[in-house]
Amino acid sequence: MPIIVSLEVIPNVALGSPSTCAMVAGVRVYQYSTADWRFGMYTYQLAKDIMVTKLVTLSPEVDVFKAIDLLLKHRISGAPVIDARRNFLGMFSEKNCMSVLLESAYEQHPTTHLYAFMDVEVPTINEDADLLDIARIFRDTHCRRLPVIRKSKLVGQISRRDLLKAAHSMMASAPDRESTWLYLSSIAERHEAPIV
């Protein structure tokens with residue numbers, strides 16, 4: 001259930017009593033446990049709210065040249081690699097395609113199976129990762145997309161563009177820019193001083 005944070009100094013009477021309250025930058029921030037959109041309220045965006053679930057996925061046994069064809073056909077820069085049970089195994093991206101190209105030019109391939117070229121050490125997130133944590137990962141890594149994992153299974157993916165769309169939509173629906181920045185700063189500060 002999304003958490004809604006009020007940026008009002010006075011709590012919204014229609015929502016009843018807030019479940020928690022804290023001071024953020026000298027302003028009272030009330031936290032309610034409800035999923036309704038209300039006046040002056042913003043939904044706390046999590047990975048499960050932002051992620052895309054209809055994905056092009058690849059099998060580790062697929063021919064690498066067929067995988068490249070799928071990336072080009074669907075106009076995507078990479079795709080998750082999963083097994084028959086949807087367990088996440090890694091990613092295959094345009095960067096991996098460059099390895100295929102160079103190894104084809106300079107060496108004989110011992111195999112053309114995708115598993116020989118995919119990245120297996122890929123940052124992943126769970127469904128409860130928040131918008132700012134996801135933004136930090138994108139800023140601090142070269143990742144263009146993050147697989148969303150539940151119990152080792154792929155359940156979705158978030159690209160940089162997906163995150164920007166969610167953040168832009170949230171900011172565009174704000175009554176004023178100042179309250180949006182205050183909202184974002186309250187999320188950032190929850191790691192240092194959680195609302196209790």
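Odds and ends about this structure:
- Qualifying residue in segment 133-146 (condition: more than 24 Å from MET170 (Cα to Cα) and among the aliphatic types (A, V, I, L, M)): no
- In segment 125-143, residue surrounded by the fewest Cβ atoms within 10 Å (Cβ to Cβ) [restricted to those that are in contact (Cβ under 8 Å) with a residue 24 or more places away in the chain and within 21 Å of SER93 (Cβ to Cβ)]: ALA135
- When restricted to residues that are acidic (Asp, Glu) and loosely packed, with under 15 Cβ neighbours inside 10 Å, segment 86-118 contains 2.
- Test: residue in segment 132-148 that is in a helix (DSSP H, G or I) and modelled with pLDDT under 90: yes
- ALA67 being touching a helix residue (DSSP H, G or I) at 6+ places or on another chain (Cβ under 6 Å), among the small types (Gly, Ala, Ser) and part of a helix (DSSP H, G or I): yes
The values are calculated or read from the model by the stated rules, or taken from the named source; none is laboratory data. Bear in mind that the values here come from a model prediction, so they are computed numbers and not experimental data. Ideal geometry is used to build each Cβ from the backbone, glycine not excepted, and the neighbour counts take in all protein chains shown.
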